[in-house]
């Protein structure tokens, strides 16, 4: 094998370094340096002021799910159960029924995603043959103080708009 | 044993049964010949051309396998490039006007077109003109919904109504790509076997209104079972599924092939009888109308049995041989009169000459084998005399006719061991829930003396005990099916040589001479 071998000099073997005490003080100096610098002027902090300053979400970020509609307002989902079949955490529960809006024969009567069980892998979006489920709402923080409200229903998913325009979403997906 | 012949498939020698056509003969040895229109019950039609196979040095060199009997020395070509091209082309033709709406099609997952596309075609459509559109969601009656666009015109459904039910409601009208399966105007399907059409349709053109969109088939667990709708004992598949956070629910029954019993089909009533397994179940133990744990219910029943001077035990003609034996044993233990009176299960005139029988009890022959008296006079006399009636899931009011017993029943203290919440059981002071036939296993004998064995399929949350377990809790010695058999073999001559684990899947016909001996 003609792999190049580079011998790296091992550091930390000098007497002063082996004493440790000096190194501890040097480390402390760095920490305290940051502390006093930020205490005097916090405009250069490396920390995001989270609730006040929101992070930029890119279109390919997998956020909370939503269900999309056709231009005429009809639901795109045809309740084919592909997302439920593909879901590794088994958090999607669908009930299907007859459909009479001329789009297809089948539509979901119930479409629940348990966000406590969802692992946000995006397999449901990949499996969907209708582009009916997307994770482009930009919602990354889903919190609640009870389990029941963490189950996302059909209505709520249809109500939530996408956070990005179509072009940038398609670019992100591709 | 059928005569065997040797022939060659792709140069390899195989031994198959003589007289069968190539599709059936080669299927036994694990060689699949694709086909749409051929069905063993409906015979060869030869219209789909999917089963064309090459015969080396044959005249003609290309034959439909469904119409060609296996002959010795035949050299069948399946892996030939020419044959593969034919299969690819037939698939392309079938798919020209197919809507490919698999996401909304109930057949997806058990669809011949899907399977054959993956095995024999795998090509993109070359069509650039608009597809021919036909009617969808046509209600053909009897719960059959037809989609003309998905149809491959194999005419299995048409032949079924002509050959099997002899009602001929369906036909194919028009020609070429305008051809479609339809009913005559104003004459929907009207026969008691119509839903078999959904089973035999190789694609999703025929769907069941009852099952439509309720579940995707790949989620269903398909366990073999035996229909308890009547004394024919048709073989079925119990398709059930436990939804997340839900209970184990049966979604449908389908026909399971058993040439000795039901052939390839089952009746619609039996097919839809899965609903009674899901609904109206008795899952609570009640003592004087108050829900209690099972142990308390058993205590109450034991207390009544011990105090009763003349107990009467009533068994159900649906119970398995093992259950009947277990009940018979505890009847002896408590000195109880044992009756199998169940005239209510017989609906005279309801049966036909095909699969449906008048007797709606699954194991009446078993009742007779065990020599359990089922006369009305003796039951009425015993009931008038008895101070306690223990009813093991026998629905006395299954059909009208037992109103005259009402008074005597009301006068008698009752313990009901029942699977369903029905008027016949609700009067009891102690109600013990028990499993229904999809939730236990056992052996039953049908009207033609065929002994069949079935296993447990469904496991619901409530998980009520089997009747055998209840008899054990009531002091019986038999704790499971296997322990009932030594006693059964010893006391029932017809069963003396039967080992339940050796009963073949298609059942075993009990010796009729021994049967007469039992009756004598």
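Bear in mind that the values in this text are calculations on the coordinates, not laboratory data. Computed from a predicted structure; not experimentally measured. Cβ atoms come from the backbone with ideal geometry, glycine included; neighbour counts cover every protein chain shown.
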**residue B:147 touching a strand residue (DSSP E or B) at 6+ places or on another chain (Cβ under 9 Å), within 14 Å of chain A (Cβ to nearest Cβ) and exposed (fewer than 15 other Cβ atoms within 10 Å of the Cβ)** = no
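Looking only at the stretch B:105-122, filter to residues that are within 14 Å of chain A (Cβ to nearest Cβ) and in contact (Cβ under 8 Å) with a residue 24 or more places away in the chain; which one of those is surrounded by the most Cβ atoms within 10 Å (Cβ to Cβ)?
If we filter the stretch B:105-122 for residues that are within 14 Å of chain A (Cβ to nearest Cβ), which is where we start, we get B:105-109, B:111, B:114.
With in contact (Cβ under 8 Å) with a residue 24 or more places away in the chain added as a condition, the list becomes B:105-109, B:111.
On the way: B:105: 22, B:106: 24, B:107: 21, B:108: 19, B:109: 16, B:111: 19.
Applying the filter and picking the extreme gives B:106.
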**Asked** So residue A:96 clears everything in (1) under 27 Å from the mean Cα position of the chain (by Cα); (2) facing chain B (nearest Cβ under 9 Å); (3) closer than 17 Å to residue B:241 by Cβ except one condition, right? Which one?
**Response** (1)
**Message:** So in the stretch A:63-93, with the set limited to residues that are in a strand (DSSP E or B) and within 14 Å of chain B (Cβ to nearest Cβ), which one is surrounded by the most Cβ atoms within 10 Å (Cβ to Cβ)?
**Reply:** A:92
**Fill in**
Picked from the stretch A:99-111 (must be crowded, with 18+ Cβ neighbours inside 10 Å and in contact (Cβ under 8 Å) with a residue 40 or more places away in the chain), the residue nearest to the chain's Cα centre (by Cα) is A:111
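Pull up the stretch A:139-153, narrow it to residues that are in contact (Cβ under 8 Å) with a residue 60 or more places away in the chain and surrounded by fewer than 19 Cβ atoms within 10 Å (Cβ to Cβ), then point me to the one that is farthest from the other protein chains (Cβ to nearest Cβ).
Restricting attention to the stretch A:139-153, the residues satisfying the condition of being in contact (Cβ under 8 Å) with a residue 60 or more places away in the chain are A:139-140, A:142, A:152.
From the residues that got through so far, the ones that are surrounded by fewer than 19 Cβ atoms within 10 Å (Cβ to Cβ) too are A:139-140, A:142.
Working: A:139: 24, A:140: 25, A:142: 20 Å.
Ranking the candidates gives A:140 first.
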**Asked** (1) part of a loop (DSSP other than H, G, I, E, B); (2) touching a helix residue (DSSP H, G or I) at 6+ places or on another chain (Cβ under 6 Å): which one isn't true of residue A:164, the others all being true?
**Response** (2)
**Message:** I'm trying to understand the selection: among the residues of the stretch B:235-259, which are under 23 Å from residue B:448 (Cα atoms) and surrounded by fewer than 17 Cβ atoms within 10 Å (Cβ to Cβ)?
**Reply:** B:257, B:259
**Prompt:** Which one of the conditions (1) more than 10 Å from chain B (Cβ to nearest Cβ); (2) within 20 Å of residue B:212 (Cα to Cα) does residue A:158 fail to meet, given that it meets all the rest?
**Reply:** (2)
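Counting only residues that are in a strand (DSSP E or B) and over 24 Å from the mean Cα position of the chain (by Cα), how many does the stretch B:393-421 have? It would help to see each step written out before you state the result.
Start the filter on the stretch B:393-421 by keeping residues that are in a strand (DSSP E or B), which leaves B:413-418, B:420.
Retained after the next criterion (residues that are over 24 Å from the mean Cα position of the chain (by Cα)): B:413-417.
The qualifying residues number 5.
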**Complete:** If we take the stretch B:154-256, then strands (runs of 3 or more DSSP E) inside it with 2 or more residues that are within 22 Å of the chain's Cα centre (by Cα) and away from chain A (no Cβ under 14 Å) are B:221-226, B:235-242, B:248-255
**Message:** Among the residues of the stretch B:485-498, are any closer than 15 Å to residue B:333 by Cβ, buried (at least 22 other Cβ atoms within 10 Å of the Cβ) and over 23 Å from the mean Cα position of the chain (by Cα)?
**Reply:** no
**Message:** I'm trying to understand the selection: among the residues of the stretch B:1-47, which are touching a helix residue (DSSP H, G or I) at 6+ places or on another chain (Cβ under 8 Å) and in a strand (DSSP E or B)?
**Reply:** B:9, B:14, B:16, B:17, B:21, B:39, B:43
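Would you mind stating whether residue A:128 is within 14 Å of another protein chain (Cβ to nearest Cβ), touching a residue at least 40 places away in the same chain (Cβ under 8 Å), closer than 29 Å to residue B:220 by Cα and out of contact with any strand residue (DSSP E or B) (no Cβ under 7 Å at 6 or more places or on another chain)? First the steps, then the outcome.
Values: within 14 Å of another protein chain (Cβ to nearest Cβ): yes; touching a residue at least 40 places away in the same chain (Cβ under 8 Å): yes; closer than 29 Å to residue B:220 by Cα: yes; out of contact with any strand residue (DSSP E or B) (no Cβ under 7 Å at 6 or more places or on another chain): yes.
Against the criterion (within 14 Å of another protein chain (Cβ to nearest Cβ), touching a residue at least 40 places away in the same chain (Cβ under 8 Å), closer than 29 Å to residue B:220 by Cα and out of contact with any strand residue (DSSP E or B) (no Cβ under 7 Å at 6 or more places or on another chain)), residue A:128 qualifies.
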